[in-house]
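Below is one structure, written out as structure tokens; comments come after it.
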Amino acid sequence: MAALPLYFDFISPYAYLAWKATPALAKKHGRTLEPRPVLFAALLNAHGHKGPAEIPPKRVYVFKNVLRLAAAAQLKLQPPPAHPFRPLLALRIAGLPALDDELRFKAIDALFDATWGGGPGVEDPETVIQVLDDAGLDGPALVAAAAGPDAKARLRTTTEEALSKGVFGVPTVDVDGELFWGYDALDHVDAALAGHDPVDAEALARWADLPASAQR
């Protein structure tokens, strides 16, 4: 089956919502969901952006918005112990090459629930060990592996690959080279996978050479 990459960071509540929805979406269209953890802060730095939590009015709006979206999706959503927080440990675990698909999905699900599903967070190694153990995984082994150079290099590589493809935010779904950013883009992902994307080469051509009449 063709791959359906999902770029995500545990720091994003929208990525949490997307993670809960994309397995069924991929299955619907006969795709293999490929979770690709990336460091959102690195994307922000590369593109010169601020994160939503760094803009006080937007921070308030985002938390209200994701609560509404979670309610509509019938998903539990509670804030983590702190936000922003350091997601590096969780991201490195999610990207460990030794994990097969089943264990990777189980680990990511547990780590997302620990972050946004009312859990204890994913910054403290001992807490993460307990979260993974409770999910039926080998917490000590995974946390130890995430501290190694291979896990750190893999996260850097995945983030750099995302940047090279034009990824600027999370969650982002890659449909055969076409990037769809945000939880609210999943309906467009569904349409594109079904062959009903209204954006085509002709439509894009109208924007390609559009001049700018103002700069800030």
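Asp109 - would you say it is in contact (Cβ under 8 Å) with a residue 60 or more places away in the chain, in a helix (DSSP H, G or I) and charged (D, E, K, R)?
Against the criterion (in contact (Cβ under 8 Å) with a residue 60 or more places away in the chain, in a helix (DSSP H, G or I) and charged (D, E, K, R)), Asp109 qualifies.
One residue is enough: does the stretch 166-175 have a residue meeting the conditions closer than 22 Å to Ile11 by Cα, polar (S, T, N, Q) and part of a strand (DSSP E or B)? So that I can check it myself, show each step before the final result.
Of all residues in the stretch 166-175, those closer than 22 Å to Ile11 by Cα come to 166-174.
When the remaining residues are screened for being polar (S, T, N, Q), the result is 172.
Still in the list and also part of a strand (DSSP E or B): 172.
Yes, the stretch 166-175 has at least one match.
Quick check on my filter: what residues within the stretch 107-160 are out of contact with any helix residue (DSSP H, G or I) (no Cβ under 7 Å at 6 or more places or on another chain), small (Gly, Ala, Ser) and surrounded by 15 or more Cβ atoms within 10 Å (Cβ to Cβ)?
The one that is out of contact with any helix residue (DSSP H, G or I) (no Cβ under 7 Å at 6 or more places or on another chain), small (Gly, Ala, Ser) and surrounded by 15 or more Cβ atoms within 10 Å (Cβ to Cβ): Gly117.
Among the candidates Leu179, Leu204, Leu210, single out the residue that is without any contact (Cβ under 8 Å) to a residue 60 or more places away in the chain and either surrounded by 19 or more Cβ atoms within 10 Å (Cβ to Cβ) or in a strand (DSSP E or B) (or both).
Numbers: Leu204 fails: either surrounded by 19 or more Cβ atoms within 10 Å (Cβ to Cβ) or in a strand (DSSP E or B) (or both); Leu210 fails: either surrounded by 19 or more Cβ atoms within 10 Å (Cβ to Cβ) or in a strand (DSSP E or B) (or both).
On inspection, the qualifying residue turns out to be Leu179.
Do we have Gly136 as under 21 Å from Lys106 (Cα atoms), outside any strand (DSSP E or B), modelled with pLDDT of 95 or more and of a type outside the set (Ser, Thr, Tyr) here?
Answer is yes for this residue.
Yes/no per residue for (1) under 17 Å from Phe40 (Cα atoms); (2) modelled with pLDDT under 95; (3) of a type in the set (D, E, K, R):
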residue: Asn65; (1), (2), (3): no, no, no
residue: Leu69; (1), (2), (3): no, no, no
residue: Leu75; (1), (2), (3): no, no, no
residue: Pro81; (1), (2), (3): no, no, no
residue: Leu89; (1), (2), (3): yes, no, no
residue: Arg92; (1), (2), (3): yes, no, yes
residue: Gly95; (1), (2), (3): yes, no, no
residue: Lys106; (1), (2), (3): no, no, yes
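Within the stretch 19-61, restricting attention to residues that are touching a strand residue (DSSP E or B) at 6+ places or on another chain (Cβ under 8 Å) and polar (S, T, N, Q), which residue is farthest from Val167 (Cα to Cα)?
Looking at residues that are touching a strand residue (DSSP E or B) at 6+ places or on another chain (Cβ under 8 Å) and polar (S, T, N, Q), I get Thr32.
Do any residues in the stretch 68-93 that are without any contact (Cβ under 8 Å) to a residue 40 or more places away in the chain and surrounded by fewer than 19 Cβ atoms within 10 Å (Cβ to Cβ) have Cβ atoms under 6 Å from those of residues that are part of a loop (DSSP other than H, G, I, E, B) and of a type outside the set (S, T, N, Q), where the two are at least six apart or on different chains, and which pairs are they?
That search, which allows pairs on different chains as well, returns Arg86/Glu123.
The values are calculated or read from the model by the stated rules, or taken from the named source; none is laboratory data. Since this is a predicted model, take the numbers as computed values, not measurements. When we count neighbours, we look across all protein chains shown, and the Cβ atoms used for this are built from the backbone with ideal geometry, even at glycine.
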